[in-house]
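Step one of this worksheet: look at the structure below.
The values are calculated or read from the model by the stated rules, or taken from the named source; none is laboratory data. If you're wondering where the values come from, they're calculated on a predicted model, not measured in any experiment. Glycine also receives a Cβ, built like all others from the backbone with ideal geometry; neighbour counts cover every protein chain displayed. The accessibility values were calculated without ligands, DNA or RNA, using every heavy atom of the protein model including side chains. Shrake-Rupley method; radii C 1.70, N 1.55, O 1.52, S 1.80 Å.
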Amino acid sequence: MTPHLNGRENALEALGWTGDKAEWIALTCLHSGVFTRAQCARFLGGAHPEQVRRIVHALIAEGLAAEETVPGLRGIGRVCRIYSRRIYRALGAEHIRHRRDASSEVLLRRLLSLDYVIEHSDLPWLPTEPEKVAAFEGLGIERALLPSRLYRGAAGDTRRYFPVKLPVALESARAVFVYAEPGHETATALRSWGAAHGGLWKALQSRGRAVEIVAAARTVHEIERARRVIRGWAEPSRPGEPDAGTTEELARIERAIIEGVADVLEEFGGLQAAMQRSVALEEQALRPPRRGWVSRTATWQTMRLQGVRYR
C-alpha cells in the first residue's frame, strides 16, 4: 500500500484496474504521467519484464497510454505516457498537465520525480497543486508566500501554484522539497527554484517545521553541482552577509530587471513592485546574521534512469 494515495487507486476499479497495478497507475498519474518499464518493475517488487510488458500493452490497447522512445532522453529506453482523461477524472485530477505531451526536459524532470517518490513512497506526499496549497494554508501560510506563476490566456489570467510540479511532502515535524535536475548546463534553474520557495521555507521554519531540500539527478556531475548550491542554503549567514535565501531572491530580481524577464517581474507584481522588493531585500541584508535558509540538504542519484533499457 502507498499511504499518501489515500485509497484513490480504488477509483480505477471501474476501468478494470485493481490491486498493485491500479496503485501503480494512480501513483504515476498523480506524480508524473510518465514512466519507464524499469520503474514499473521496481514498484511491483522486481516484476519480470514480461509482466511489465503486459501492463504497458494493456494500457495501450485500451487507448489509455502511448509508449515511445523520446529523442533527447538517452539510456532509459521507451517512455510510457498515460494520457487518458478517463483515468485522471477518476482520480480527481482531470486537469493536471501530466497527461499532456511535453519536451524531453520536462519528461525527464517528471521521471526523476517519480523515481524519487518510488524509493520514498512512505512519505506523506502532496501530489497535486490543490493538495499542496491546502496543506500550507492549513498551517496559516498565505498564498502570497507560495511559489507561483501567472499564465495569461484569451479567457483571462490564471495563477498556478507550485508550477514546476515537483515532489513535496509534509510531516508533523518537517517538510521535504525535491528538485529534479533535468540536465541543465548551469545551476540557474535550481537557484531560481530555491528563490521562488524562499518565503515558504522561512514561514515553515518560523512555525517549527524543519525544511529538508533534496536535489535528485542522473549524473555525478549534476549531483556535485547541485550539492555546491544547496549546501549554502543550510549554512547560517555571517556578520555583514545576507543569508542564502535573500541573496538568491535578490539576484533573481536583479536579473529579471536587467534582462526584462516579464514572467519573473509579474510574479512580484510588475517592474515597480519588483524594484521595491529589491530595495527591501537590500535593507534586509544589513540586518544581523540569521540561521540557514533551510534545515537540511541532501542529494540523490537515480540508478534506473541511466543506461538501463527494458524492451
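Table: residues versus (1) touching a residue at least 40 places away in the same chain (Cβ under 8 Å); (2) out of contact with any Cys (no Cβ under 8 Å at 6 or more places or on another chain); (3) within 20 Å of ILE213 (Cβ to Cβ).
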site	(1), (2), (3)
GLY140	yes, yes, no
SER148	yes, yes, yes
VAL164	yes, yes, yes
PRO167	yes, yes, yes
PHE177	no, yes, yes
GLU181	yes, yes, yes
ALA187	yes, yes, yes
Can you confirm whether ALA285 is surrounded by 13 or more Cβ atoms within 10 Å (Cβ to Cβ) and at pLDDT 80 or above? no
Looking only at strands (runs of 3 or more DSSP E) that fall completely inside region 123-233, which ones have 2 or more residues that are open to solvent by 20 Å² or more (accessible area, probe 1.4 Å)? 148-153, 156-161, 210-217
Single unsatisfied condition, LEU91 versus (1) more than 17 Å from LYS21 (Cα to Cα); (2) within 20 Å of the chain's Cα centre (by Cα): (1)
Return only the number of the condition from (1) at pLDDT below 95; (2) within 28 Å of GLN301 (Cβ to Cβ); (3) in contact with a helix residue (DSSP H, G or I) (Cβ under 8 Å, 6 or more places away or on another chain) that SER148 does not satisfy. (2)
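Would you mind stating whether ILE258 is touching a strand residue (DSSP E or B) at 6+ places or on another chain (Cβ under 9 Å), at pLDDT 80 or above and part of a helix (DSSP H, G or I)? Can you show your working first?
Values: touching a strand residue (DSSP E or B) at 6+ places or on another chain (Cβ under 9 Å): no; at pLDDT 80 or above: yes; part of a helix (DSSP H, G or I): yes.
No.
Can we say PHE177 is on the phi > 0 side of the Ramachandran plot and within 13 Å of the chain's Cα centre (by Cα)?
Working: on the phi > 0 side of the Ramachandran plot: no; within 13 Å of the chain's Cα centre (by Cα): yes.
Answer is no for this residue.
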